[in-house]
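In what follows, a structure is listed as C-alpha cells, so that the remarks can point back to it.
Every number here is computed from the coordinates shown, using simple stated rules; none is lab data. All figures in this text were calculated on a predicted structure; none of them were measured in a lab. Neighbour counts are summed over all protein chains in view; Cβ atoms, including those assigned to glycine, are modelled from backbone coordinates with ideal geometry.
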Amino acid sequence: MRFIIVTGLSGAGKSEATKSLEDMGYFCVDNLPPTLITKICQKHVDKSDGKIDKVALVIDIRGGVFFNDLFQSLKDLEKEQFKYEILFLDATDEVLVKRFKEKRKKSSTIKVEEE
C-alpha cells in the first residue's frame, strides 16, 4: 500500500497534483481532516483486499482547527508502522498572486446601510 499526503500553499497546485495522481491510479481524498488519516489507512489496508493499493490524501489549512491534529496523526501512522510520503507543493509569490487573481471568486458588491 502506498500513501501520499499532499499538502502545500494555497494556489501551489494541489488540485492539479491530485488530478495527476488520480490518473496514475491513486484513490484520492481532498480536504480530509487529519484526525481521519489513520482511520483511512486502516480501512484500506484491512478492507481493500488489494483492490486499492495507492491512496493520496490532500490535507491543508482549509481543515481549520482540525489541521492542528496533523502531527499527532502522523505519529499514530508511524506507531502503527504505516509508511507514508509527504508531497509539499510550493510556488513563487508571483505565481501565487497570479493564480489567486485568476481563480478568486468575484463577489458582488453589497451595500450596507448604516442607521
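Couple of notes before you dig in:
- Förster-model FRET efficiency, 35 Å R0, residue 101 and residue 24, C-beta, rounded to 0.05: 0.70
- A cut-off of 5 Å between modelled amide H atoms, ignoring neighbours fewer than 5 places along the same chain, links residue 54 with 2, 27.
- Given their separation in residues at 0.36 nm each and the Cα-Cα distance between them, residue 80 and residue 1 gain 27.1 nm when the chain is fully extended.
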